[in-house]
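The values are calculated or read from the model by the stated rules, or taken from the named source; none is laboratory data. Only a predicted model underlies this, so the values are computations on that prediction, with no experimental measurement involved. FYI the Cβ positions are ideal-geometry reconstructions off the backbone, even for glycines, and counts take in every protein chain you see.
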Amino acid sequence: MMMLKALLVDDEVPARSELRFLLGEVGGVEVIGEAGCASEALQLIKAIPYDVVFLDVSMPGLSGIELAEALTSLDHPPAIVFVTAHSEHAVDAFEVAAVDYLVKPVEARRLRMAIERITPAAEVSPKIERIPVEKAGKKLLLNVGDIYHVVAKDDYSYIYTDGERYLSTLSLADLENKLGAQGFFRVHRRFLVNLAHVQEVAPMYGGTMELALKDQAKTRVPVSRRRAPALKRALGL
């Protein structure tokens, strides 16, 4: 069974920790982000395509129901599974096309059922293995895992591996859409980074950050102040 990329949204840290533990026991889900409120979750979801969001109903600010409504406007919204202590919101939850509604304390059996309902739909989208690029007048197919970072260049992009640079006719936004589900993160309006190749995260002045990559050149990539909080969550910082 493929691993679903999940975001946990709950204003209570112990509740998120318990759900993360249960998901680890049940299997089939990789938790790659957490948020303590709906606005923070929305920022994360716009940065990384998640397969499923496990979402509390009652939170400060926007409620879980309001967040689910906002997600319906996305081109590829994640599946929603509500996890809450309040059973009376179930009707509202299914009106926003929730896959399931789990009442705390969550039983492993019910959690497994919810995951099984999501998996078939998630398996429809094929995983992109290679990206077409150009170098020295030749057209090549580059393995996605070899990409360290991407830099926007007008309507094109430069794709960097460990020691090589390639031209892509795809825009940075196009590459973000194609690669976001495979661990790539838009850290700046001009930079897309493969998080698997990040070695160090350094805080900078004014709330910005800088990433050090694992390549031979020790490439440094800037992180904008606006994208820094979502990146921290994505990296579990």
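The single residue among Asp155, Asp162, Asp146, Asp174 that is surrounded by fewer than 17 Cβ atoms within 10 Å (Cβ to Cβ) and under 18 Å from the mean Cα position of the chain (by Cα) turns out to be Asp174.
In this structure, Met3 does satisfy being surrounded by fewer than 15 Cβ atoms within 10 Å (Cβ to Cβ), touching a strand residue (DSSP E or B) at 6+ places or on another chain (Cβ under 9 Å) and among the hydrophobic types (A, V, I, L, M, F, W, C). Are any residues in segment 138-177 among the charged types (D, E, K, R), under 17 Å from Asn194 (Cβ atoms) and modelled with pLDDT of 90 or more, and if so, which ones? Once the filter is applied, which keeps residues that are among the charged types (D, E, K, R), under 17 Å from Asn194 (Cβ atoms) and modelled with pLDDT of 90 or more, segment 138-177 yields Asp146, Asp162, Glu164, Arg165. If you go through segment 78-135 and keep only what is closer than 30 Å to Arg165 by Cα and either at pLDDT 90 or above or out of contact with any Lys or Arg (no Cβ under 8 Å at 6 or more places or on another chain) (or both), you end up with Ser125, Pro126, Lys127, Glu129, Arg130, Ile131, Pro132, Val133, Glu134, Lys135.
Got at least one residue in segment 21-42 being surrounded by fewer than 22 Cβ atoms within 10 Å (Cβ to Cβ) and free of Cβ contacts under 8 Å to residues at least 12 places away in the same chain? Yes: segment 21-42 contains one or more residues that are surrounded by fewer than 22 Cβ atoms within 10 Å (Cβ to Cβ) and free of Cβ contacts under 8 Å to residues at least 12 places away in the same chain. In the condition set (1) of a type in the set (A, V, I, L, M); (2) touching a Gly at 6+ places or on another chain (Cβ under 9 Å); (3) surrounded by fewer than 19 Cβ atoms within 10 Å (Cβ to Cβ), Ala70 is compliant with all but (2).
Scan segment 140-167 for residues that are among the polar types (S, T, N, Q) and either assigned by TED's automatic domain parsing to the domain that holds Tyr50 or within 25 Å of Tyr50 (Cβ to Cβ) (or both) and the total you get is 2.
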